[in-house]
Amino acid sequence: STMRERKTTDPLNSTDPLHSSTDLSEGKEKLRLKQEVGLISGVSLIAGTMIGSGIFMSPEWVLHHMGTPASSLLIWAACGLLAMFGALSYAELGTIIKESGGEYIYILRIFGSFPAFLFAYTSVILVRPAGLAAVCLSFAEYAIAPFYPGCSSPQVAIKCTAAACILILTIINCLNVRLATSVMNIFTAAKLLALFVIVVGGLVLLANGQTQSFQNGFQGTTAGIGTVGVAFYQGLWSYDGWNNLNYVTEELKKPEVTLPRALMIAIPLVTCLYLLVNMSYLAAMTPSELLSSGAVAVTWGDKVLGSWAWLISLSVALSTFGSSNGTFFSGGRVCYIAAREGHMPDILSMAHVRCLTPSPALLFTSAMSLIMIISGNFTSIVNFFSFMAWFFYGMTISGLLYLKIKKPELPRSYKVPIIIPIIVLLAAVYLVLAPIIDQPQIEILYIILFIFSGIIFYFPLVRFKYHPRFLQTVTLYLQLLLEVAPTTRDAN
């Protein structure tokens, strides 16, 4: 059938192991994804995805909404703290439910099939492709900016370059998991070097007395509920990726150790870098110059590096390409896991018989992202992405609180103090409700309607298992064309 019902051991209601180590069907052992992600690759996946376009594009928007340099720095620090709290909460979930899929698998195991389907439907069709499209659009802006000096780049060129970026990432990720993680490691090193250059340049400027932007730093701060919420959206966009390792739990080496350790290294590192980079921007530019800059990092390079400013454009392009690779790597896994659980067409749960990569899921994610690129722009995609993401983050964190209170006996190698997920849940509620209460927009209604439009597909296709015969034929032909076969879980 094209949508299958999985009879799986529920780790929350059973003393059995989380996964069966032997899953044989008619005498043939099924394919498994390899455990290729170690500590260094894990840190690279988190830091490499987080450090993408945001730190080079969002500072002007955070400053625009908050109104003053000091308050914008506070937002950046608060965003880092919130990302750390969220990641620590997810680390505990990842050691209880040792399955790939992030929020999807946690919602499925804790709340059941229907809310998990709504998450998968929304995430696979909109949220993940939107995030990838936004990063690839910013990559394209920086990559082609040197070819159009003194004027803005044409939209057609930007969108064609972004589409080419997605197609290259598709090829890399479909060929080999190790190749994809190697690309992540290399590009993470490159972007850390670029940020290090900006940090050192800023420290030199501050040492030389360029501190005008920080004098009376809070004077004129905007303090509206909705305004602060939107500023958080723009800041948190730069931290998005803190939960990426939870999407590939089954591909981690020793997940109970690697998952918490990688989070505790990557997120504080990124937070410190972001604060120092923002201080460097404000040391080189006045707030008004920063607000009028279309590409903050490039303007910084022109002011500080002079004839070497092209290095910044190159570094930002490399950074955003590496980030889009991390987003693509984890985003395809949500689609793959949802299909494996019977919430998406069967073909999306299969892996290539030689490359051992979830190529159909990756191809589908790629196709949806290309559609987003054609229709969207950076800022609208960020706000829309953030609203939906924090809605589901809040649901996932409430699931952790349920497990901590109702099922404290479940085995877990790591425990987070209960106050931390409570803080994250309150922040998620605020981030979802504040923009609606302060400045209601019709787009929010469209997003909510889209989430619940999943009901139309859930009941006939999943609940009542109605599977048109022609879809079975299509699945068979696609399986032969793509050289893919069904997979089973990895035993952790």
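Checking the stated criteria, V382 turns out to be more than 28 Å from L175 (Cβ to Cβ), surrounded by 22 or more Cβ atoms within 10 Å (Cβ to Cβ) and either modelled with pLDDT under 85 or β-branched (V, I, T) (or both).
Looking at region 244-256, can you tell me whether even one residue there is open to solvent by 10 Å² or more (accessible area, probe 1.4 Å), among the acidic types (D, E), closer than 30 Å to Y104 by Cβ and assigned to a loop (DSSP other than H, G, I, E, B)? Checking region 244-256: not a single residue is open to solvent by 10 Å² or more (accessible area, probe 1.4 Å), among the acidic types (D, E), closer than 30 Å to Y104 by Cβ and assigned to a loop (DSSP other than H, G, I, E, B). None of V204, V199 is of a type in the set (A, V, I, L, M), part of a helix (DSSP H, G or I), surrounded by 15 or more Cβ atoms within 10 Å (Cβ to Cβ) and at pLDDT 80 or above except V199.
The residue that is nearest to the chain's Cα centre (by Cα), counting only those in region 436-492 that are of a type in the set (F, W, Y) and open to solvent by less than 60 Å² (accessible area, probe 1.4 Å), is F450.
Between T211, T221, T181, T227, the distinction of being in contact (Cβ under 8 Å) with a residue 12 or more places away in the chain, in contact with a Ser or Thr (Cβ under 9 Å, 6 or more places away or on another chain) and farther than 30 Å from L356 by Cα belongs to T221 only. Every listed requirement among (1) aromatic (F, W, Y); (2) modelled with pLDDT of 80 or more; (3) within 20 Å of the chain's Cα centre (by Cα) is met by F111 save one, (3).
Checked against (1) within 20 Å of the chain's Cα centre (by Cα); (2) modelled with pLDDT of 90 or more; (3) closer than 27 Å to A47 by Cα, T161 passes all but a single condition, namely (1). The set of residues from region 111-138 being more than 23 Å from I444 (Cα to Cα) and either among the basic types (K, R) or surrounded by 24 or more Cβ atoms within 10 Å (Cβ to Cβ) (or both) comprises C136, S138.
Out of all the residues in region 297-314, is one or more of a type in the set (K, R), closer than 26 Å to A389 by Cβ and open to solvent by 10 Å² or more (accessible area, probe 1.4 Å)? No - not one qualifying residue is present in region 297-314. Annotation note: of S375, S349, S330, the sole residue that is in contact with a Pro (Cβ under 7 Å, 6 or more places away or on another chain) and either modelled with pLDDT under 85 or open to solvent by less than 10 Å² (accessible area, probe 1.4 Å) (or both) is S349. Residue count for region 308-336 under the criterion of being closer than 13 Å to P146 by Cβ and among the hydroxyl-bearing types (S, T, Y): the result is 2. Only a single item in (1) within 20 Å of the chain's Cα centre (by Cα); (2) open to solvent by less than 40 Å² (accessible area, probe 1.4 Å); (3) at pLDDT 75 or above is not met by M57, and it is number (3).
What about L282, is it open to solvent by less than 40 Å² (accessible area, probe 1.4 Å), in contact (Cβ under 8 Å) with a residue 24 or more places away in the chain and over 30 Å from L93 (Cβ atoms)?
yes
The values are calculated or read from the model by the stated rules, or taken from the named source; none is laboratory data. Everything quoted here is computed from the prediction, not taken from an experiment. Using ideal geometry, Cβ is built from the backbone for each residue, glycine included, and neighbour counts are taken over all protein chains shown. When the accessible area is computed, the model is the full protein with side chains, heavy atoms only, and any ligands, DNA or RNA have been set aside. Shrake-Rupley method; radii C 1.70, N 1.55, O 1.52, S 1.80 Å.
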